[in-house]
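Derivation of every value follows stated rules applied to the coordinates shown; laboratory data play no part. These figures come from a predicted structure and were not determined experimentally. As a convention, Cβ positions derive from the backbone with ideal geometry for all residues, glycine included, and neighbour counts pool all protein chains shown.
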Amino acid sequence: MLVFLNDTLLSVVTQLRNSVGEEFAGRWFIEAGFGPCSRTPSQVFDTAEDAMQWVRGCLEEDATVWEHEAVA
């Protein structure tokens, strides 16, 4: 799944299959992150929504950083 904000690619999220290992089958993994999501986590997510929540968190963190830099 490609995750965009407007026309900007933020993340590539994939659903893992049995070939990775049965304990990970059906879970979600951030294959790559870009911009505010460039620090990819070393974890898997139970649902696609959990992975999307991680992406949203990156955007919120990035907005906070920019807000503080603008004030400084």
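Roughly how tilted is helix 48-71, in degrees to the nearest 10 and between 0 and 90, from the longest Cα axis of the chain? The two axes meet at around 20 degrees. When the Cα atoms of region 2-71 are aligned to their principal axes, the ranges along those axes come out at 49, 21, 17 Å in descending order.
Per-residue ellipticity at 222 nm, computed for the chain from helices alone with -39500 (n - 2.57) per DSSP H run of at least four residues, works out to -12000 deg cm²/dmol.
With both labels modelled 7 Å from their Cα along Cα-to-Cβ, the Val20 to Gln43 distance reads 1.5 nm.
Simple point charges give the picture: +1 on the Cβ of Lys and Arg, -1 on the Cβ of Asp and Glu, and for the chain a dipole about the Cα centre of about 220 debye.
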